[in-house]
Every structure is written in C-alpha cells, then in structure tokens.
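The structure that follows is given in the form of structure tokens.
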Amino acid sequence: MKKIYTLAIALIGTFAFGQGTETFENHELSGNQYVNGSFVGDNGITWTYVHVTGEQDFPITGKGILLRRHNITETSGQSSISATISGGIGNFSVDVRKAFTGNTTRQLELVINGTVVGEFVHDFASGGDDTIVQFTVDNINITGDVQLELRVFGEETDNTNRQVVVDNLTWTAPNASIKDNNIAGLNIYPNPATGNTLYVTSHNSVEKTVAVFDVLGKQVINTTTVNGAVNIANLNAGVYIVKVTEEGKTATRKLVVK
C-alpha cells in the first residue's frame, strides 16, 4: 500500500520557480562504505552528508545519494543531507527510489530550520523495485537563509537498514506557487522521459499549449498539440517544469528527462 504524507504538488509560477536545484553530479562518493563529509554542488551550494554513499546500482538520473539508517543512537548517526539555502524556500521536491531488496517501506522527512515540515512514507514492491516516486512539500514559504535537511526517519530502536536513493532535488522561491486550475485528467508521460516524445493528455481532446522551462526559468519549448505529442528531442537530461494551458485553465508538472 502506498502512503505519501506530504502536501499536494503545486509547482511554480510566474516563472520565479527556478529558485534552486541539486543534481548531486558533483559528489565523489563511491564504493559501498557509508561516510560523512561534504561537497560543493550546483550553484556553489555546500552540502553536508552523514552516513551516506553514492547511488551504487540504483541511479535515478546519473549520480545520486544513498541513505539507509534512521536510528540516531547508532554511532554512525542518522543518514541525512543538508545545506544552507539563500533566498528562502517555497515548494520542495525530490525524486526517490528504493535501493537494495530488503524490506519495503522507505521513510524520509524534510526539516527546515530544525522543524519537520513534511514526511514521505512509501511502500515499494518486495525485492528489487526501480519505481521513482516524488516527495513534495508545498507552501513552506520561509524567507531569508534557511537550513534544509533531508533525512531518514523511523523508530529510534529500529536499526534495520532501509536504503533509499534521492536525486533531482529542487525548491522554489517563497510564495512562488500558482493555482492549478484542475485540468481534468491531465497526464504527462513517460516521466521520467527517455525518448524524443512527451505525451500530454487530458479528458478533453482539445488543443493544448505546452511550455517547458528549465530550473532557471528559461523557456526551452513553446508549442501546441491536439494529439498530445510534444517533441522533446532537443532537451538535455535534467529537471524541467511543464506548463499546460487548455481552454483557459493552466496547470504545471515536474518533468525529469534522462
């Protein structure tokens, strides 16, 4: 049974959404040892990690971070990544994948300035499962410099390893969300996208305007479609925002391109 305890997805608006992103491509973690340390990531932000390793055989998009333990009484500490983010935070999103085959439930929590603002609990399939699930927390809306921490959580007495990979972490500026006008049946697939075509469909077979923006807010696609097909052959691997307009209604979705 799938359980995700977050606020609803509400992506970005007025194109101030490109507040920040972290792809984890700059870390130098390797092997199967869980270690503490830090690295300078995207946009010069320093990320500190505790009891983590690299993505190993469980990548999402290139490099990622693999966390495993939530028992803070262990000498190794609670698995986490953290950074100081300038300019505040509005909405948050990160891609999550199960690592290894043991257990099924994976749990993460987002902590801002020492306060838990969102929890993720997902029951993945038994054994191996390469499903990618998004952990999103919206309307955080804290201004100024903030301390962001993403960590595994659970019962303090449970030292069972529950390995999980995270990647493509993004956040928006405070008050950056726009109203999703509920385009009935809106579906954007495949996501993550691996080919040259993205399909944007809904319950209404009418013309749709589709705009795609990178995480810095630059528009990289602006087109219309009736059959739902959108050519994304020119997009590089990464995280994007898709804005769909249909009969005066507008909605946004996060897209990962591999």
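Name the residue farthest towards the positive end of the dipole of region 133-258 from the options 222, 193, 137, assuming +1 on Cβ of Lys and Arg, -1 on Cβ of Asp and Glu, about the Cα centre.
Of 222, 193, 137, it is 222.
Roughly how many debye, to the nearest 20, is the charge dipole of the chain about its Cα centre, given +1 on each Lys and Arg Cβ, -1 on each Asp and Glu Cβ, and no other charges?
Values: 18 positive and 25 negative charges, 99 e Å.
I would put it at about 480 debye.
Residue by residue through region 215-231, what is 3J(HN,Hα) from phi via Karplus (6.51 cos²θ - 1.76 cosθ + 1.60, θ = phi - 60°)? Round to whole Hz and write x for glycine and proline.
Taking θ as phi minus 60°, the curve returns 6, 8, x, 7, 6, 10, 9, 9, 8, 10, 8, 10, 8, x, 7, 10, 7 Hz for region 215-231.
Treat the chain as a sphere of radius equal to its Kirkwood radius over Cα pairs and apply Stokes-Einstein at 25 °C in a medium of 0.890 mPa s; give the translational diffusion coefficient in µm²/s, rounded to a whole number. Please report the intermediate quantities before stating the final value.
Details: Rh = 18.9 Å.
For these conditions, the coefficient is 130 µm²/s.
With +1 on each Lys and Arg Cβ and -1 on each Asp and Glu Cβ, how big is the dipole of region 218-258 about its Cα centre, in debye rounded to the nearest 20? Please list the in-between numbers first.
Numbers: 6 positive and 2 negative charges, 45 e Å.
Around 220 debye, computed over region 218-258.
Which ³J(HN,Hα) values, rounded to whole Hz and listed in residue order, are derived for region 138-149 from phi using the Karplus coefficients 6.51, -1.76 and 1.60 in 6.51 cos²θ - 1.76 cosθ + 1.60 with θ = phi - 60°, glycine and proline given as x?
So the J values, rounded to whole Hz, are 10, 6, 5, 6, 10, 9, x, 6, 10, 9, 9, 9.
Between residue 86 and residue 224, what's the calculated FRET efficiency when r is the beta-carbon distance and R0 is 45 Å? Round to 0.05.
On the way: r = 38 Å, r/R0 = 0.83.
E(calc), rounded to 0.05, equals 0.75.
Pairs of alpha-carbon atoms within less than 8 angstrom and 6+ residues apart define the contacts here; what relative contact order does the chain have, in percent? It would help to have the intermediate numbers written out before the result.
Numbers: 710 pairs, mean separation 57.6, N = 258.
That works out to 22 percent.
Now a separate question. State, as an integer percentage, the relative contact order of region 164-258 based on alpha-carbon contacts under 8 Å between residues 6 or more apart. Write out the running numbers ahead of the final one.
Working: 177 pairs, mean separation 28.5, N = 95.
Relative contact order here is 30 percent.
From the protein chains alone at 1.4 Å, what is the descending order of accessible area for 207, 22, 119, 55, largest first? Spell out each step's value before the answer.
Working: 207 110, 22 0, 119 70, 55 35 Å².
The ordering from most to least exposed comes out as 207, 119, 55, 22.
Hey, could you get me the Stokes-Einstein D for region 120-258, Kirkwood radius over alpha-carbon pairs, 10 °C and 1.306 mPa s, rounded to whole µm² s⁻¹? Don't skip to the answer; put the middle values down first.
On the way: Rh = 17.4 Å.
Value of D from the Cα-based Kirkwood radius: 91 µm²/s.
What are the residues whose amide H is under 5 Å from the amide H of residue 193, where those residues sit 5 or more places off or on another chain and H is modelled from the backbone?
Result for residue 193 returns 256, 257, 258.
Set the Förster distance to 35 Å, then compute FRET efficiency between residue 160 and residue 197 from the Cβ-Cβ distance, nearest 0.05.
On the way: r = 42 Å, r/R0 = 1.19.
For R0 = 35 Å, the calculated efficiency reads 0.25.
The values are calculated or read from the model by the stated rules, or taken from the named source; none is laboratory data. These numbers come from a predicted model, not from an experiment. Glycine gets a Cβ as well: all are built from the backbone with ideal geometry, and neighbour counts include every protein chain shown. Areas reflect the complete protein model, heavy atoms only, side chains present, ligands, DNA and RNA absent. Shrake-Rupley method; radii C 1.70, N 1.55, O 1.52, S 1.80 Å.
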